[in-house]
Amino acid sequence: MRKLQADERTPFGKSDLSNFLEAWSRKGVRCGAVNDLSLPAFQHAIKALHGAHSHFVRRVRVAHDFEDLRVWDGEVLVFALIDHPRSDECFVWELDGEVTAILHDDAIKTAQDAVREAIEILHLDGPAVAERRR
C-alpha cells in the first residue's frame, strides 16, 4: 500500500467518514486483531511488496477511535528495512490472511499513523484500489 500524495487526497465530510467507520467497525473484523503469520512470513511480504530485506524490531498495540467509536484495536509489527532506498522502517499487520505494509516517511512516523493512513486510503479509494496498493 503506498501513501497518498497531498494532491491526491480529497476532502470528505465528517458525516461520510463517520458513517463509513461505523459500518466498518460493526463488521467486527478490525477490532482485537492479532497477527497470525510468522515473522519470516511478514519479512517475505515486505520483500515482495517493497523490495527490501527487513528485521523485526517490536510489536505495538494500536487502538484508533473516531467520534467515540473504536474502529481499530490491533497489533502492528515494526520492521527495520535494511536496503530500501527511501525508508528505514515499515509498519505491518495481517488480518484475515491479508498483509498491509506501510512505509515510514515524513507523514507516517508511528504505527498509529500507519493505521490511520490505511483507514483513510480504504475510505477514499474503496477496497479494490486499497487492495492494489498493499
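The values are calculated or read from the model by the stated rules, or taken from the named source; none is laboratory data. Because the structure is predicted, anything quoted here is derived from the model rather than measured. For neighbour counting, all protein chains shown are included, and Cβ atoms are generated from backbone atoms with ideal geometry for every residue, glycine included.
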Options 80, 130: the member that is modelled with pLDDT under 90 and either surrounded by fewer than 20 Cβ atoms within 10 Å (Cβ to Cβ) or polar (S, T, N, Q) (or both): 130
Top-ranked residue of the stretch 62-88 - restricted to ones that are over 13 Å from the mean Cα position of the chain (by Cα) and of a type in the set (D, E, K, R), ranked as farthest from residue 118 (Cα to Cα): 83
